[in-house]
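Quick notes on the structure that follows.
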Amino acid sequence: MKESVNDRIMETASRLFYNQGYNLTGINQIIDEAGIAKASLYSHYRSKTDILLAYLDEWAEGFVKNLETHLAGIKGAKNKIFGLFEFQIDLYKNSDYVGCPLLKIKAEVPRSETAVWERIESNKKHQRKIIKKLVQEMDNKSGLSDQALANMIFYLLEGSSVTATVTSNADEIRNALDALKKLI
């Protein structure tokens, strides 16, 4: 089956935004590498920002779908929480993962791009909701409120993922997981 123009645009833009950065990626590069006409791009997206918003939506949808698939085979809320960390470790080990696409984009796009910032914040809030829901289902919360424990887990996951990106070492996430297992 032939790939649609929109699919080619999104595949190309996703690769370029992630690997070389949003600011270093130009519309003409997307057009050239996708092998499409300029009119075709503009019939799908009015601007580079519109492409970015679609990229963020597509990434978030895929991330959540893959995470849910990963967690579906795990029994128990506590083990699913541990599975969140294992999922991140797998991202690093099984791909050319060089950091969270959301954080990379947020570092490049000015705050005046409110739609982009809101989309990124919404995606991070959704990830926090997943953690909080699992915490609420879990026994033995080590004396912490659900919110405090969910925050701690989120910070451990986010912080270890950033550190793993900086050090190019997924063991940073494994170390955070090992610490979490001692805490809960």
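The values are calculated or read from the model by the stated rules, or taken from the named source; none is laboratory data. None of the values given here were measured: they were computed from a predicted structure. No Cβ is skipped: glycine too gets one built from the backbone with ideal geometry, and neighbour counts run over all protein chains shown. We work out accessible area using only protein heavy atoms, side chains counted, and drop any ligands, DNA or RNA first. Shrake-Rupley method; radii C 1.70, N 1.55, O 1.52, S 1.80 Å.
Can you list the equivalent-ellipsoid semi-axes of the stretch 1-83, largest first and in whole Å, using the square root of 5 times each Cα gyration tensor eigenvalue?
Numbers: eigenvalues 214, 37, 21 Å².
Value: 33, 14, 10 Å, ordered largest first.
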Checklist entry - Give me the log10 of I(q) over I(0) for the stretch 45-150 at q = 0.12, 0.17 Å⁻¹, as the Debye formula computes it from C-alpha points; what are the numbers? => result -0.50, -0.90
Checklist entry - What does the helix-only formula give at 222 nm for the chain: each DSSP H stretch with n ≥ 4 adding -39500 (n - 2.57), the total divided by the residues, and the result rounded to the nearest 500 deg cm²/dmol? => result -25000 deg cm²/dmol
Item to check | Whole-percent pair-distance distribution, where bins are 5 Å wide, for the alpha carbons of the chain | outcome: 1, 7, 15, 17, 18, 14, 11, 8, 5, 3, 1, 0
Checklist entry - What spacing in nm lies between the two simple spin-label points modelled at Ala148 and Val166, each 7 Å away from Cα in the Cβ direction? => result 2.7
Checklist entry - What list of ³J(HN,Hα) values in whole Hz, one per residue of the stretch 47-60 in order, does the Karplus curve 6.51 cos²θ - 1.76 cosθ + 1.60 (θ = phi - 60°) give from phi, with Gly and Pro shown as x? => result 7, 5, 4, 5, 5, 4, 4, 5, 4, 4, 5, 5, 4, 4
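Once you list every other residue whose beta carbon is under 15 Å from the beta carbon of Glu108, what net charge do they have if Lys and Arg are +1 and Asp and Glu are -1? If you can, show how the numbers build up before the last one.
Details: positive: Lys48, Lys104, Lys106, Arg111, Arg119; negative: Glu113.
Around Glu108, the charge tally is +4.
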Checklist entry - Cβ under 9 Å from Ile89's Cβ, Ile89 left aside: what net charge do those residues give with Lys, Arg +1 and Asp, Glu -1? => result -1
Item to check | Charge dipole of the stretch 1-100 about the Cα centre (unit charges at C-beta), most positive-ward option of Tyr45, Trp59, Ile31 | outcome: Trp59
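Return the inverse of the average 1/r over all pairs of distinct C-alpha atoms in the stretch 92-166, which is the Kirkwood hydrodynamic radius, in Å to one decimal.
On the way: mean 1/r = 0.0713 Å⁻¹.
Value: 14.0 Å, from the Cα pair sum.
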Item to check | Note, ³J(HN,Hα) from phi for the stretch 158-166, Karplus 6.51, -1.76, 1.60, rounded to Hz, x at Gly and Pro | outcome: 5, x, 5, 5, 5, 5, 4, 5, 5
Checklist entry - Along the charge dipole of the stretch 35-119, Cβ charges K/R +1 and D/E -1, which of Ala77, Leu103, Tyr92 sits furthest on the positive end? => result Ala77
Item to check | Accessible area of the chain divided out per residue, in Å², using a probe of 1.4 angstrom | outcome: 54
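If you wrap a convex hull around the C-alpha atoms of the stretch 129-184 and split its volume per residue, what is the figure in Å³?
On the way: hull volume 3.8 nm³, N = 56.
Convex hull volume per residue, Cα atoms: 67 Å³.
Given the Cα-Cα distance of Asp139 and His44 and 0.36 nm per residue of separation, how much length would full extension add, in nm? It would help to have the intermediate numbers written out before the result.
Working: separation 95, 0.36 × 95 = 34.20 nm, distance 4.84 nm.
In short, 29.4 nm is gained.
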Next on the checklist: Students often forget the sequence filter, so: which aspartates and glutamates lie under 17 Å Cα-Cα from Lys133 once same-chain residues fewer than 8 apart are removed?
Outcome noted: Glu68, Asp146
